[in-house]
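K.L.:
The structure that follows is given in the form of C-alpha cells.
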Amino acid sequence: ISFAGLSLLLALILGAASALVLWQNGQNQVRNQLESAATLKGQQLDTWIDALQTDLTILLSTQETSDHAQVILQASPRFGSYEYARQQLLAHFESFIPQTGRFEELFIVDPQGKVLLSTNPSHEGNTEPDQDYTEERLKGAHVSPPYYSQSLGQMTAVAALPLADRATIANMAPE
C-alpha cells in the first residue's frame, strides 16, 4: 500500500467520522428544538385550560347567577320563576361569550347530560350521554379532549365546572 493510498484511506475515514458526528449533532439539535416546542405548547395549553376554568368561575361567581342556575336545575319549566331565571341566565351567558372570546356556547346540563339551558336554543333538550364530560363534569373542573362536533361542524372541546350536584358546561371552539 502506497503512501497516497494510506492518505486517501485516512482522509475517507476522517471524512466519514466527521459526517457521522455532524449528523448526530444535527439530530440532537432537532430533538432538543422539538422538545422545547412541545414544552412550550404544553405550557400554552395549560394556560388556556386555566383561563377557561377561571372564566367559568367568574361566570358563576355571583349569588344571583348561582340562584338562577339552581332554579333552572330544580324548578319545573311551568313556573314563572323558571322562565325569569332562564331569561336572566341567558342574558348573562350571552353577554359573557364575547367578553372572553373563548366560548362558542354556554349551557347547563342535568346529571343525565340533558341540556336544560343553552345560548344555542337548538341544543336545549338534547342529551349527549356518550361524551366524556358527562361523567367527568361532576368530579370537578374538567376540560375534555378535542372532538368533532356534528352540531357545530368543527373541532371543539368542552370545559365543565360543577354547580352544586349538577354542572354547567361551556362548549368552545379550541383556538
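The values are calculated or read from the model by the stated rules, or taken from the named source; none is laboratory data. These figures come from a predicted structure and were not determined experimentally. With ideal geometry, Cβ positions are generated from the backbone for all residues, glycine too; neighbour counts draw on all protein chains shown. Just the protein is used for accessible areas: all its heavy atoms, side chains included, with ligands, DNA and RNA removed. Shrake-Rupley method; radii C 1.70, N 1.55, O 1.52, S 1.80 Å.
K.L.:
Taking the highest mean first, how do the peptides 49-60, 30-41 order by number of other beta carbon atoms within 10 angstrom per residue?
P.N.:
Numbers: 49-60: 16.7, 30-41: 10.0.
Ranking the peptides 49-60, 30-41 by packing returns 49-60, 30-41.
K.L.:
Separation between the Asp46 and Asp67 pseudo-spin-labels, each 7 Å from Cα along Cα→Cβ, expressed in nm?
P.N.:
With each label point 7 Å from Cα toward Cβ, the separation is 4.0 nm.
K.L.:
Assuming R0 = 30 Å, can you tell me the calculated FRET efficiency for the pair Thr54 and Gln33, based on Cβ-Cβ distance, to the nearest 0.05?
P.N.:
Working: r = 31 Å, r/R0 = 1.05.
Efficiency, rounded to the nearest 0.05: 0.45.
K.L.:
Given an 8 Å cut-off on Cα distances and at least 6 residues of separation, report the relative contact order of the stretch 1-144 as a percent. Walk me through the numbers before you get to the answer.
P.N.:
Details: 89 pairs, mean separation 17.4, N = 144.
So the answer I get is 12 percent.
K.L.:
May I ask for the net charge around Phe96, where only other residues with Cβ less than 15 Å from the Cβ of Phe96 are counted and Lys, Arg are +1 while Asp, Glu are -1?
P.N.:
Values: positive: Arg102; negative: Asp55, Glu64, Glu94, Glu104, Glu105.
Net of charged neighbours comes to -4.
K.L.:
Which peptide among 115-123, 4-12 comes first, and what is the full order, when sorted by highest mean count of other Cβ atoms within 10 Å? Before the final figure, lay out each step's value.
P.N.:
Values: 115-123: 16.9, 4-12: 9.9.
Packing proxy ranking, top to bottom: 115-123, 4-12.
K.L.:
Let me ask you something else. Per residue, how much accessible area does the stretch 7-59 have with a 1.4 Å probe, in Å²?
P.N.:
Details: 4040 Å² over 53 residues.
I get 76 Å² per residue for the stretch 7-59.
K.L.:
When the accessible area of the stretch 1-77 is computed with all protein chains present and a 1.4 Å probe, what percentage of it is carbon and sulfur? Can you show the working numbers first?
P.N.:
Details: 3630 of 5590 Å².
Within the stretch 1-77, the accessible surface is 65 percent carbon and sulfur.
K.L.:
Taking the mean number of other Cβ atoms within 10 Å as a proxy for protection, how do you rank 84-91, 100-107 from highest to lowest?
P.N.:
Details: 84-91: 16.5, 100-107: 18.2.
Ranked from most to least packed, the peptides come out as 100-107, 84-91.
K.L.:
Same structure, new question: What is the distance, in nm, between label points placed 7 Å from the Cα along the Cα-to-Cβ direction at Phe79 and at Glu124?
P.N.:
Each label point lies 7 Å from its Cα, and together they span 1.7 nm.
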